[in-house]
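Here is the structure we will look at.
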Amino acid sequence: MLTTPKYKVQICCGTMCYIMGGAELHLLIEALPAQLKDKVSIEGIPCFGKCDTNEKLHPCVLINGAELNNASTQKIIKQLLTLDNNDLL
Amino acid sequence: MTYYNNAVITKRELLVRLIKLLNNDTLLDEIDRIPLQMRPRTNSPIRCCVHKDRAVLKYKIMALLGFNIADEEDELTPLREYAEQALKGYTQNGNFLTVVDEACSSCVQVNYTVSNLCQGCEGRPCQVNCPKDAIMVINGKANIDHQKCVNCGICQKACPFHAIAYLPVPCEESCPVKAIRKNADGIEEINFDKCIHCGKCMTACPFGAISEKSQILNLFYNIKHQKEKTVAMVAPAILSQFKASAKQILSSIESIGFDAVIEVAEGANMTTDHETSELLERLEEGAPFMTTSCCPSYVQFSEKHAPELKPFISHTPSPMAYTAQLAKERYPEHKAVFIGPCLAKRSEAYQHPNIDYVITTEELGALFAALKIDLETVSPNAGISDNVRPESRGYAASGGVTNAIRSVLSAGLQISTELIDGIDKKSIRLLKALPAKKQHTTAFYEVMACDGGCINGPVNVSPLKVSQTKLKNAIREIEPAEALNE
Ligand code: SF4
Ligand code: SF4
Ligand code: FES
C-alpha cells in the first residue's frame, strides 16, 4: 500500500550544518521506527541562513516547515513521534 | 571512524571561528576572546567551572595553531603571540599529535571500580582473590586501593553480584600499538617511537584531549594574502565527504583561492600501473607475496613494529607522492597542498620534499563554512582536469587498490588477493605472522589502517555509510568514454 507521506523532513545540507553534525542526519531513514516508515519524506535543502557560529543552532532541520535546531537523529524521531501520536488521537 | 560527539563539534567550531577571524583580518585582535565567547559565564560549565572550560579551549586553539602543548613555557602567553608565530610559518618536528593536558586526566587511573551494587557479602571473594591485597571493605562496601591495584580484573570476575565495573580509558583502549600511556602525573602521553599516526586515540577521546597540530591558518593566510602560489592535491576520499558532486567539490576547493587543483586520483593511475608491474616482477622472481604501500599508517607500522614485513611492501610511490611529482612538473613554482582524510599523511608529507602543507577534510569543511561557500550552488569549473580512471577514485575505499590493479591485469591472469581492512590487534597478529609463513595462498595483500579505507579516515566529516554512497557517485561521474580515451 502506498500512502502519501504526512511528514516532510528537510535536512539542511549547507556546509556549516553538514560539518556540525548534519552529516549524520542523512542516515535518518535507517533509524526511523516502523510506525513512521511510510509516513515520512526526507530531503536535503540548501542553507537557509540559520548557521551563525554565535547562536549555535546548527545542524538545522525543518519538519513540516517548522524549524528544529541542534537537530539529532533522536530529536527528529521524537518530534515525529509526538506529531504522529497527536494525529492518531 | 567519525564519531559524532560534542568534542568533535567543538574542534570544528574552533576551526570555523579561527578562519573567520583570519578572513576578516581580525585574528590577532580577537583570538584571545574565542574561549570567552564560546564559554560565556551564563552557560553551565562542562567541566568543574567556566575557567577550566576556557583554559581547555585555549590549549585546543594552541594545537590548532600548530603548537605542541607540552612546549608551553609561560602559561600567561596570550594566544595572539602564538597566532603571530603561526602565521609566519610552522616549525614541525614530524610528530603530529599533541595531548591537551588541561582536557585530559579526567579518566580513571585504575580501570576497576566498585559500584553501589556491592552487598558487602560475607564471602568477600573480591578481597580474598585479589593478588595484590588491594581491596578493603569499609562501611560494608568494598573499596579498591588505587596504589595497589594492577588492573588484573580478578575481583570483577569473582563478584557474584557483578558489582565491580570495568571503566575503560578510551584512548589507550583504541590504540592498536600501545603507544599512548599515562605519565607520572596521570596525563596521557604519546610515545612517538611507537605511534603510527592512525588517529584512533584522537577520535576515541570523548574530551577531545588529543589534537592534531594543524597548518590551516598559515596556509589560509598565505592564500588570502597571495604570498605564494598554491596547488591543491585532492585525495579521492574528499569527493565522498560533502553534499555535492565531485566536480562541484573540486571547483569549490579552487574557489577558496588555490591557483590550481589536481586530483590525487591522477597519481593513483600511476600507482596502479607501477604497482601492477612490480607485483608481477616480484612474483616472477619467486617472492611469496607483496603488500600495498599507499597507506602511510601501515608503512609506519611496519617500520616501527614489524621490520620483517618491510621487504614485502611494495616500493611503488603512493598516489600522493606521484601527484606531488605531477604538481612539480606542471607548476614548479607552486606550493603543494595535500587535502585528505588522513592524519598519517601529515607525516608522510613531512618526509616528502615536494609537499608543503597537509590539510584535512575537517579543516576543508571549516574553510567552506567560514567562507560561506555552499558547494551545491557552485558551478563546476570545466577547466579542472579529470584525467582519472574511475578505479583511481576507487582507491578511497577498502578493496579499491586491488580493484584498480585487477582492472589493468591482462585478461586471464589470476592473482589471489586479500584485504586487511583496518589495523587492530587482530590484524596485527596476522600481519606479523606473514613473513615467516611457510605456505602462501595469497599473492597480494591490500592493507588499510582504517577499516573501510580512507573514506573512514579519522578526520572526515561524513559517516561511513554516507561516504560509501557518495564515493560510488563520484566514481560514476567519470564518463566511461573519457576514461577510455585517457
Ligand atoms: S580518553 Fe585518554 S586522553 Fe581522553 S581524557 Fe581520557 S585519558 Fe585523557
Ligand atoms: S595515533 Fe594511533 S598509534 Fe598513535 S597513539 Fe594514537 S592510537 Fe596509538
Ligand atoms: S548551513 Fe544550515 S542553515 Fe546555513
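Going through B:Ala86, B:Ala103, B:Ala134 one at a time, which residue ends up being within 30 Å of B:Arg181 (Cβ to Cβ), among the small types (Gly, Ala, Ser) and free of Cβ contacts under 8 Å to residues at least 60 places away in the same chain?
Details: B:Ala86 fails: free of Cβ contacts under 8 Å to residues at least 60 places away in the same chain; B:Ala103 fails: free of Cβ contacts under 8 Å to residues at least 60 places away in the same chain.
Among B:Ala86, B:Ala103, B:Ala134, only B:Ala134 is within 30 Å of B:Arg181 (Cβ to Cβ), among the small types (Gly, Ala, Ser) and free of Cβ contacts under 8 Å to residues at least 60 places away in the same chain.
No other residue among B:Gly412, B:Gly452 is in a loop (DSSP other than H, G, I, E, B) and surrounded by 18 or more Cβ atoms within 10 Å (Cβ to Cβ) apart from B:Gly452.
Yes/no per residue for (1) outside the structural domain of B:Leu117 (by TED's automatic domain parsing); (2) away from ligand 1 (no atom under 12 Å from the Cβ); (3) at pLDDT below 95:
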| residue | (1), (2), (3) |
| --- | --- |
| B:Cys171 | yes, no, yes |
| B:Val177 | yes, yes, no |
| B:Arg181 | yes, no, yes |
| B:Ala184 | yes, yes, yes |
| B:Ile210 | yes, no, yes |
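Can you find a residue that is within 11 Å of ligand 3 (Cβ to nearest atom) and more than 11 Å from chain B (Cβ to nearest Cβ) anywhere in the range A:18-33? No, the range A:18-33 contains no residue that is within 11 Å of ligand 3 (Cβ to nearest atom) and more than 11 Å from chain B (Cβ to nearest Cβ).
Restricting attention to helices (runs of 4 or more DSSP H) lying wholly within the range B:213-303, give those where 2 or more residues are without any contact (Cβ under 8 Å) to a residue 12 or more places away in the chain.
Working: elements: B:216-224, B:246-255, B:264-284.
Counting at least 2 such residues, we get B:264-284.
For the range B:53-60, the criterion of being surrounded by fewer than 13 Cβ atoms within 10 Å (Cβ to Cβ), of a type in the set (Asp, Glu) and assigned by TED's automatic domain parsing to the domain that holds B:Glu13 is met by no residue.
B:Asn218 passes every criterion in (1) more than 15 Å from ligand 1 (Cβ to nearest atom); (2) surrounded by 15 or more Cβ atoms within 10 Å (Cβ to Cβ); (3) more than 30 Å from B:Asn93 (Cβ to Cβ) apart from (3). Considering only the range A:34-59, state which residues are among the hydrophobic types (A, V, I, L, M, F, W, C) and away from every other protein chain (no Cβ under 14 Å). Scanning the range A:34-59 gives A:Ala34, A:Leu36, A:Val40. Restricting to the range B:32-45, name every residue that is farther than 29 Å from B:Glu84 by Cβ and either of a type in the set (Ser, Thr, Tyr) or in contact (Cβ under 8 Å) with a residue 24 or more places away in the chain (or both). Hits for the range B:32-45 are B:Thr42, B:Ser44.
In the range B:89-96, is there at least one residue being outside the structural domain of B:Gln351 (by TED's automatic domain parsing), more than 25 Å from the chain's Cα centre (by Cα) and over 14 Å from B:Glu212 (Cα atoms)? Within the range B:89-96, none of the residues are outside the structural domain of B:Gln351 (by TED's automatic domain parsing), more than 25 Å from the chain's Cα centre (by Cα) and over 14 Å from B:Glu212 (Cα atoms).
Residues being in a helix (DSSP H, G or I) and more than 9 Å from ligand 1 (Cβ to nearest atom): count how many of those fall in the range B:187-201.
To start, the set of residues in the range B:187-201 that are in a helix (DSSP H, G or I) comprises B:200-201.
Then drop every residue that is not more than 9 Å from ligand 1 (Cβ to nearest atom), which leaves B:200.
Qualifying residue count for the region: 1.
In this structure, does B:Pro317 turn out to be surrounded by fewer than 24 Cβ atoms within 10 Å (Cβ to Cβ), assigned by TED's automatic domain parsing to the domain that holds B:Lys432 and under 25 Å from B:Pro435 (Cβ atoms)? Answer is yes for this residue.
Consider the range B:360-391 and keep the residues that are closer than 18 Å to B:Gly267 by Cα and of a type outside the set (Gly, Ala, Ser). The one that is nearest to the other protein chains (Cβ to nearest Cβ) is B:Ile384.
Among the residues of the range B:19-33, the ones that are surrounded by 21 or more Cβ atoms within 10 Å (Cβ to Cβ) and within 11 Å of chain A (Cβ to nearest Cβ) come to 1 in all.
Just one of (1) surrounded by fewer than 16 Cβ atoms within 10 Å (Cβ to Cβ); (2) more than 10 Å from every other protein chain (Cβ to nearest Cβ); (3) of a type outside the set (Val, Ile, Thr) fails for B:Lys11. It is (1).
Once the range A:3-17 is narrowed to residues that are touching a Lys or Arg at 6+ places or on another chain (Cβ under 9 Å) and at pLDDT 90 or above, the residue that is farthest from the other protein chains (Cβ to nearest Cβ) is A:Tyr7. Would you confirm whether any residue within the range B:154-168 is within 12 Å of ligand 2 (Cβ to nearest atom) and within 27 Å of B:Ala306 (Cβ to Cβ)? Checked against the condition, which is being within 12 Å of ligand 2 (Cβ to nearest atom) and within 27 Å of B:Ala306 (Cβ to Cβ), the range B:154-168 yields no hits at all.
Among the conditions (1) within 16 Å of ligand 1 (Cβ to nearest atom); (2) crowded, with 20+ Cβ neighbours inside 10 Å, the only one that B:Ile164 does not satisfy is (1). Identify the residue in the range B:169-195 that is within 16 Å of ligand 2 (Cβ to nearest atom) and of a type in the set (Asp, Glu) and, among all such residues, is surrounded by the fewest Cβ atoms within 10 Å (Cβ to Cβ). By that ranking, first place goes to B:Asp193. For the range B:213-231, check the following and say yes or no: at least one residue is farther than 28 Å from B:Gly400 by Cβ and within 16 Å of ligand 2 (Cβ to nearest atom). Yes, the conditions are met somewhere in the range B:213-231. Comparison of A:Gly49, A:Gly44 shows that the only residue that is under 24 Å from B:Leu371 (Cα atoms), assigned to a strand (DSSP E or B) and away from ligand 1 (no atom under 16 Å from the Cβ) is A:Gly44. Regarding the range B:367-387, can at least one residue be identified that is assigned by TED's automatic domain parsing to the domain that holds B:Val261, out of contact with any Asp or Glu (no Cβ under 8 Å at 6 or more places or on another chain), surrounded by fewer than 19 Cβ atoms within 10 Å (Cβ to Cβ) and within 26 Å of B:His440 (Cβ to Cβ)? Within the range B:367-387, not a single residue is assigned by TED's automatic domain parsing to the domain that holds B:Val261, out of contact with any Asp or Glu (no Cβ under 8 Å at 6 or more places or on another chain), surrounded by fewer than 19 Cβ atoms within 10 Å (Cβ to Cβ) and within 26 Å of B:His440 (Cβ to Cβ).
Flag: B:Leu117 does not match the condition of being in the same structural domain as B:Ile69 (by TED's automatic domain parsing) and either small (Gly, Ala, Ser) or away from ligand 3 (no atom under 16 Å from the Cβ) (or both).
The values are calculated or read from the model by the stated rules, or taken from the named source; none is laboratory data. In this text the structure is predicted, and so the values were computed from the model without any measurement. As a convention, Cβ positions derive from the backbone with ideal geometry for all residues, glycine included, and neighbour counts pool all protein chains shown.
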